[in-house]
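Right, one structure below, let's go through it.
The values are calculated or read from the model by the stated rules, or taken from the named source; none is laboratory data. Bear in mind that the values here come from a model prediction, so they are computed numbers and not experimental data. All Cβ positions, even for glycine, are placed from backbone atoms using ideal geometry, and neighbour counts span all protein chains on display.
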Amino acid sequence: MTRRRSLSGAGLFLAGLLALPACAQGWPARPVRIIVPFAPGGGVDTVARLLAQRLGEQTGSPFIVDNRPGGGGVAGTAMVAKAAGDGYTLLVSAPEFSINPGMRSKLPYDPFKDFTFVSQLTEGQFLLAAHPSVPVKTVGQLVALAKQQPGKLNYGSSGTGGINHLAGALFQSMAGIRWTHVPFKGAGPSTAALIGGEIEFVIASTTGLLEPVRAGRLRGIALTGSGRFSELPEVPTIAESGIPGYNVSGWYGLYGPAGVPGEIVQRLHAEARRALTHPEVASRLVRTGNTPIVSTPEEFTAFIRAEIDKWIRVIKAEGISQAD
């Protein structure tokens with residue numbers, strides 16, 4: 001799905017806004033809770049807070065971010081699945097929404113039956129970063145050191161089965177190395193552990209790593225996506241650093257519980273689009289490595305189906321242990 005197609009589809013979806021029913025025009029009449037199923041400080045939390053602030057300014061009602069980490073995003077996501085479909089409880093989540101169906105034999109929710117899909121919000125990529133004390137500045141040096149010390153190097157992630165974990169597992173497979181995965185309860189805690197020297201590497205969103213890298217508290221080694229990041233132009237991609245074909249991208253999306261009235265979904269979609277295309281918001285997103293994306297609910301649903309299928313194949317191919 002290209003960004004142009006997404007924005008075009010969104011425009012068609014918004015064509016009916018002039019005739020919105022009264023219940024949508026009156027929404028939101030009280031504060032709206034946005035559950036982020038990860039700890040504060042990570043990329044999804046940053047984007048959710050930026051969106052919440054702008055939505056509050058546009059609608060005149062507070063949008064409050066509520067961090068509910070646990071289970072690789074499952075705990076907070078389950079809370080939204082059980083919430084009333086009245087438009088006052090929302091979910092902003094990351095690729096883990098599409099990874100967990102392949103990682104866990106049992107989920108306390110159905111990813112399609114229990115949610116209302118609103119829109120993709122952004123797309124971006126991740127950064128492989130190191131603590132400055134580690135004698136590694138390039139992917140080649142990392143691979144060489146890991147081969148000298150099999151299993152002794154470690155990398156932190158936002159949790160077992162999360163996108164950062166799978167990005168590290170894919171790197172291990174394609175680079176022909178063995179290193180140790182150290183899961184944390186969110187990208188924020190894993191980044192804090194890396195800054196404190198508790199671990200040696202981390203794979204996390206550019207959103208949360210940009211400032212520590214700029215300040216010299218961390219060292220950017222390589223990006224996981226297909227292209228370089230304008231805010232860190234000197235940092236190459238993993239693919240161009242000797243592992244051709246490696247490509248892991250990230251994205252964030254907006255959902256509600258099942259049963260949200262279509263007219264409220266339409267209003268929410270319109271407000272999200274206004275927020276993401278606001279010059280200041282769009283600029284801040286781009287500076288942190290996130291490209292604003294607005295898709296229709298139908299496009300977003302199809303995207304999630306494709307993502308679930310993709311990660312199920314990766315999990316099986318890499319032999320990653322599943323969890324209940």
Name the pairs whose Cβ atoms lie under 7 Å apart, with the first residue in the range 64-77 and assigned by TED's automatic domain parsing to the domain that holds Met103, the second of a type in the set (Phe, Trp, Tyr) and surrounded by 17 or more Cβ atoms within 10 Å (Cβ to Cβ), and 6 or more positions between them or separate chains?
-> Asn67/Phe38; Pro69/Phe38; Gly73/Phe38; Gly73/Phe97; Thr77/Phe97; Thr77/Tyr109
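Residues checked against (1) touching a residue at least 60 places away in the same chain (Cβ under 8 Å); (2) in contact with a Lys or Arg (Cβ under 8 Å, 6 or more places away or on another chain); (3) crowded, with 18+ Cβ neighbours inside 10 Å; (4) not aromatic (Phe, Trp, Tyr):
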position	(1), (2), (3), (4)
Met103	yes, no, yes, yes
Pro111	yes, no, yes, yes
Asn154	no, no, no, yes
Gly161	yes, yes, yes, yes
Within the range 180-217, can you find the residues that are over 26 Å from Thr291 (Cα atoms) and touching a Lys or Arg at 6+ places or on another chain (Cβ under 8 Å)?
-> Thr180, Ile195
Which number in (1) closer than 29 Å to Arg267 by Cβ; (2) touching a strand residue (DSSP E or B) at 6+ places or on another chain (Cβ under 9 Å); (3) in a helix (DSSP H, G or I) marks the one condition that Ala75 misses?
-> (2)
Residue that is surrounded by the most Cβ atoms within 10 Å (Cβ to Cβ) [pool: residues in the range 235-250 that are modelled with pLDDT under 95 and within 16 Å of Leu209 (Cα to Cα)] | Gly250
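Within the range 251-271, which residues are of a type in the set (A, V, I, L, M, F, W, C) and either outside any loop (DSSP other than H, G, I, E, B) or crowded, with 21+ Cβ neighbours inside 10 Å (or both)?
Trp251, Leu254, Val260, Ile264, Val265, Leu268, Ala270, listed by residue number.
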Considering every residue within the range 151-174, establish whether at least one is over 14 Å from the mean Cα position of the chain (by Cα) and on the phi > 0 side of the Ramachandran plot.
-> yes
Are there any pairs, at least 6 apart or on different chains, whose C-beta atoms fall under 6 Å, with the first in the range 121-148 and touching a residue at least 24 places away in the same chain (Cβ under 8 Å) and the second surrounded by fewer than 13 Cβ atoms within 10 Å (Cβ to Cβ) and part of a loop (DSSP other than H, G, I, E, B), and if so, which?
-> His131/Gly197
Go through the range 37-65 and count every residue that is within 17 Å of Val281 (Cβ to Cβ) and either β-branched (Val, Ile, Thr) or assigned to a helix (DSSP H, G or I) (or both).
-> 18
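Does any residue of the range 79-94 turn out to be in a loop (DSSP other than H, G, I, E, B), under 25 Å from Ile312 (Cα atoms) and modelled with pLDDT of 85 or more?
yes
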Only one of these is closer than 19 Å to Gln172 by Cβ and surrounded by 15 or more Cβ atoms within 10 Å (Cβ to Cβ): Ile315, Ile308. Name it.
-> Ile315
May I ask you to list the residues in the range 278-298 that are of a type outside the set (D, E, K, R), touching a residue at least 40 places away in the same chain (Cβ under 8 Å) and part of a helix (DSSP H, G or I)?
-> Val281, Leu285, Val286, Pro297
With respect to Ser8, is the statement that it is small (Gly, Ala, Ser) and modelled with pLDDT under 95 true?
-> yes
Go through (1) more than 22 Å from Thr46 (Cα to Cα); (2) assigned by TED's automatic domain parsing to the domain that holds Leu51; (3) surrounded by fewer than 21 Cβ atoms within 10 Å (Cβ to Cβ); (4) not β-branched (Val, Ile, Thr) one by one and return the number of the condition Arg274 breaks.
-> (1)
Test set (1) out of contact with any helix residue (DSSP H, G or I) (no Cβ under 7 Å at 6 or more places or on another chain); (2) under 30 Å from Ala272 (Cα atoms); (3) not assigned by TED's automatic domain parsing to the domain that holds Arg217 - Ser105 fails condition number | (2)
How many of the residues in the range 166-182 are of a type in the set (S, T, N, Q) and out of contact with any strand residue (DSSP E or B) (no Cβ under 9 Å at 6 or more places or on another chain)?
-> 1
